[in-house]
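Peer 1: Before I ask anything, here is the structure I am working with.
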Amino acid sequence: MILRNVDTSSLPKDFIWGAGTSSMQIEGGHASGDRGRCIWDALGEVPGAIKDGTGANHRGVEHIEMFETDLNIMKELSLDSYRFSISWPRVQPTGSGAFNEKGMTFYDRLIDGLLERNIQPNITLYHWDLPEDLQSIGGWANPEVVDLFSDYSAKMSARYGDRVKYWAMINEPWCVAWLGNLTGEHAPGIRDLPTAVRVAHQLVRAHAKGSQAVKSESPHVLVGSVNNLTNPMLIGSSTEENMKDLDIVDGYKNRWWMQGMYEGKYPADLVEIFQRETGIFCDENEIGDVSYGRDWIGVNYYNAEVFKGGGNGAELFPGTTSIDGAGFGEERTDMGWSWTPDGIKETLIQVSQKYPDIPIFLTENGACYNYGPSEDGKIHDVKRDEYLARYISACVDAHKSGVNLKGFYVWSLLDNFEWAWGFEMRFGLVFVDFKNKMKRTLKESALAYRDLIRSFRS
Ligand code: GCO
């Protein structure tokens, strides 16, 4: 299956085709200038924390300097929409108090440049670059940070709400809570279950409170969440215990966030596990009014959460006792991730059955393949093409089965800083030559995606 042949004709005419990035990944760290330090700058200084040894002192792919080039690329790709994040420490260096006019002007220019090219901005307010000063008061575990996040959200809404219709609050809060605070693989690099639980609770509150702040300044905008939802899956034979564990995984990855953010309720099984393991009671009455942040649902999907039985419980899912992580099928991306296109369909159907009235966007899907230029100078990233073809056609199928799917965003527009992996892992539609002035070259998959969009419109 190839991307150019995917039949998208059953999708609604106003379907949105896009691509995404995030601030830290393309703008770079503190070294990019004019911004405060964030927790990823600090993690970068810990020896070994970033696998390719990038450290903290990088400038992303110099998007700040090259954003006009990037805007022109988006135009060339015929994108309807661009999903990006605002760097909190760029617009408010310490996360409280004074805002930085220069940083805010950068996003003015980016947004205006998008609109001039007829590309809809879709803003994410938090994609993992917490101002370091806020970590020093406890980070997301501290409810004061939720208040500060909502002040920052109000300010951004007042500034950009006249031009930006789609707003997401927090990208993949599951990663923020668990990878940042239990495994420590992500910033702030903490390994402490009680902290992770506190963070998981405060992030749900931050979604509610931040959304309300955005709406108070710009009542007409549409606010949603962006979660990495998934389908937990067991390979091989199963026991009752295994199935119970799988349901707990569903709680961690899906129900905690969706019920918390869209219903103001927590799943009782997780509340009980957290209390048993840490003594912390997450009180759903503290979530606040969730009515402001449920205009749409953003689903980031890469693969199923795959397990096999016969284990002692999965590290990332305290409370599980009988499962172990596993892979599925033969195909692996260069990250080692399985291909599970059926799972994207299954996940979308499940979400839409639970929330039938809320429009859904597939806010991230894509694949890491580290192809470079061939002798002909082109980047023949055939596996990325095939991967996207399979996943997009599964999304088309989901739509045919009644899912109110409104758009699809490829992750990512550009090769970029892939968190703990540094610059080793390439997710871009566009190749970036890290050793030669960050020169951009459209990969073959980018050209195919462009053709898919154009033929959809014609
Ligand atoms: C995420 C983030 C992206 C990543 C991408 C690939 O989903 O983890 O939103 O920033 O780069 O997912 O890992």
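The numbers here are math on the coordinates, done by the rules we state, and not lab data. Source: prediction; values computed, not measured. Because the Cβ atoms are built from the backbone with ideal geometry, glycine has one as well, and the counts that use them run over all protein chains shown.
Peer 1: Write out the chymotrypsin sites (Phe, Trp or Tyr not before Pro) in the range 248-349 meeting two conditions: DSSP loop, and at most 14 other Cβ atoms within 10 Å of their Cβ.
Peer 2: Working: sites: TYR252, TRP256, TRP257, TYR262, PHE274, PHE281, TYR292, TRP296, TYR301, TYR302, PHE307, PHE328, TRP337, TRP339; in loops: PHE281, TYR292, TYR301, TYR302, PHE328, TRP337, TRP339.
Sites meeting the loop and neighbour criteria: PHE281.
Peer 1: Using Cα pairs closer than 8 Å and at least 6 residues apart in sequence, work out the relative contact order for the chain, in percent.
Peer 2: That works out to 18 percent.
Peer 1: Give the aspartates and glutamates reachable from LYS378 as a straight Cα distance under 16 Å; neighbours fewer than 8 places away on the same chain don't count.
Peer 2: ASP415, ASP433, GLU444
Peer 1: Another question, then. Compare the Cα positions of GLY95, CYS38, LEU77 along the charge dipole of the range 1-149 (+1 at Cβ of Lys, Arg; -1 at Cβ of Asp, Glu; about the Cα centre) and return the one farthest towards the positive end.
Peer 2: Ranked along the dipole, the leading option is LEU77.
Peer 1: Quick check: net charge around SER412, other residues with Cβ under 10 Å of its Cβ, Lys/Arg +1 and Asp/Glu -1?
Peer 2: For residues surrounding SER412, the net value is -1.
Peer 1: Another question about this same structure. From the alpha carbon gyration tensor of the range 262-332, can you work out the equivalent ellipsoid semi-axes (sqrt of 5 times each eigenvalue) and give them in Å, largest to smallest?
Peer 2: Semi-axes, largest first: 29, 22, 7 Å.
Peer 1: Net charge near TYR391: determine it from the other residues with C-beta under 14 Å of the C-beta of TYR391, scoring Lys and Arg +1 and Asp and Glu -1.
Peer 2: In short, -3.
Peer 1: Additional query: Say the dipole of the chain comes from +1 at the beta carbon of Lys and Arg and -1 at that of Asp and Glu; which of PHE307, ILE16, ASN242 then lies farthest toward its positive end?
Peer 2: About the Cα centre, the residue reaching furthest to the positive side is ILE16.
Peer 1: For the chain, max minus min Cα coordinate along each principal axis, in Å, sorted largest first?
Peer 2: Principal extents (largest minus smallest coordinate, Cα): 58, 54, 46 Å.
Peer 1: Also, quick follow-up: Tell me the mean residue ellipticity at 222 nm calculated for the chain from its helices only (DSSP H runs of n ≥ 4, each -39500 (n - 2.57), averaged over every residue, nearest 500).
Peer 2: On the way: 14 runs with 169 residues, N = 458.
My calculation for the chain gives -11500 deg cm²/dmol from helical runs alone.
Peer 1: Find out how many positive minus negative residues lie around GLY329, taking Lys and Arg as positive, Asp and Glu as negative, among other residues whose Cβ is under 13 Å from that of GLY329. Working shown, then result.
Peer 2: Values: positive: ARG332, ARG390; negative: GLU330, GLU331, ASP342.
Here the count lands on -1.
Peer 1: Taking a 19 Å limit on the Cα-Cα distance, which of the listed pairs LYS13/LYS400; LYS75/LYS439; LYS253/LYS406; LYS165/LYS345; LYS155/LYS265; LYS165/LYS265 fall beyond it?
Peer 2: Exceeds cut-off: LYS253/LYS406; LYS165/LYS345; LYS155/LYS265; LYS165/LYS265.
Peer 1: Here's a follow-up. Which of the peptides 165-175, 393-403 is most tightly packed, and how do the rest follow, judged by the mean count of other Cβ atoms within 10 Å per residue?
Peer 2: 165-175, 393-403
Peer 1: Now a separate question. Suppose we keep just the alpha-carbon trace of the range 1-82; what are its Rg and Dmax in angstrom?
Peer 2: Computed over the Cα atoms of the range 1-82, radius of gyration and Dmax are 17.7, 51 Å.
Peer 1: Next question, about the same structure. State, as an integer percentage, the relative contact order of the range 201-323 based on alpha-carbon contacts under 8 Å between residues 6 or more apart.
Peer 2: 39 percent
Peer 1: Tell me the GluC sites (Glu not before Pro) within the range 352-428 that lie in a loop according to DSSP and have at most 10 other beta-carbon atoms within 10 Å.
Peer 2: Those that pass, being in a loop and sparsely packed, are GLU375.
Peer 1: Okay, moving on. Is the range 279-377 best put as rounded, prolate or oblate by its Cα gyration tensor, with a ≥ b ≥ c the root eigenvalues, rounded for a/c under 1.5, and otherwise prolate when a/b is larger than b/c, oblate when not? List each step's numbers first, then the result.
Peer 2: Working: a/c = 2.22, a/b = 1.29, b/c = 1.72.
Oblate, since a/c reaches 1.5 and b/c is not below a/b.
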